[in-house]
Amino acid sequence: MRIHFKFAIYLVALIAFSMVHAGSYEDFFQAVKQDDGRAVTELLKRGFDSNALDPAQTPGLFVAVKEGSLKAAEALIAWPRTKVEWRSPKDESPLMIAALKGQTEIVRKLLARDADVNKPGWTPLHYAATGAHLEIMQILLDEHAYIDAESPNKSTPLMMAAKYGTPAAVKLLLEAGADPKLRNELGLSAIEFAQQGNRRDSAEMIAAAIRAAQPKGKW
């Protein structure tokens, strides 16, 4: 009788815990999407797992950064148990998405948590260059981002800036030492990327950089 009584108490406690956790799960992802950083922090203090995955198997930090819920993202980054190096099926990290969206302070905070600035394949610098977010590009370079990083098809940040970014982004990379002569697996150079994107100013700037780098003839 005593054993059955103990089992009943254990079962009730387990059910109650499951119900609370289920409620917390819904509350957590709702707080993330509503950018309620205070609610996110309170749930974490009550023991909710900051790395829990939503029904699409995506953690709250990635959801917050992708949806622009910056207060929620800051709360999650500040929580020491949050893993900042999760990868999506497309091999994207929270730092890459923050770089693409121009979330400068989130980029700083992720880097302070040792987010990988030089992950293999597409990098945060590729994404920042695509969005022409100059301050973030400089932050990443200051953190030793490899300026000529190669994507899986060997495209570089300069190529992305040339086609999708701005002349200012191209200028920043060239002045920081990007190689304008590199080609990707399709044989395309940064100039051809600029031409594809109808970025005449960028194409001319890259061509000028190539000419300037050529050895001077003897007089």
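Values quoted throughout were computed directly from the atomic coordinates according to the rules given, and no laboratory measurement underlies them. From a predicted model like this one, the values you see are computed outputs, not experimental measurements. Because the Cβ atoms are built from the backbone with ideal geometry, glycine has one as well, and the counts that use them run over all protein chains shown.
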Final fewest-first order of LEU110, LEU158, LEU44 on the 10 Å Cβ neighbour count is LEU44, LEU110, LEU158
Computed, not fitted: 222 nm per-residue ellipticity of the chain from DSSP H runs ≥ 4 (each -39500 (n - 2.57)), nearest 500, equal to -18000 deg cm²/dmol
With the 8 Å Cα cutoff and a minimum separation of six or more residues, the chain has a relative contact order in percent of 11 percent
Checked against the structure, the computed mean projected area of the Cα convex hull in nm² among [x] 14.0; [y] 18.2; [z] 15.6 is the one labelled [z]
Region 157-194 scanned against label point 7 Å out from ASP91 along Cα→C-beta; backbone N under 16 Å for 157, 184-186
From fewest to most C-beta neighbours within 10 Å, the residues TYR25, TYR146 line up as TYR146, TYR25
In this structure, among LYS71/LYS171; LYS71/LYS119; LYS33/LYS101, pairs with alpha-carbon gaps over 21 Å are LYS71/LYS171; LYS71/LYS119
FRET efficiency for GLN57 and ARG113 from the Cβ-Cβ distance with R0 = 22 Å, rounded to 0.05, comes out at 0.50
One finds, for GLU67 and GLU105 with R0 = 22 angstrom and r their Cβ-Cβ distance, a FRET efficiency to the nearest 0.05 of 0.85
Residue span ASP148 to GLN214: 0.36 nm per residue of separation minus Cα-Cα distance leaves a gain in nm of 21.9 nm
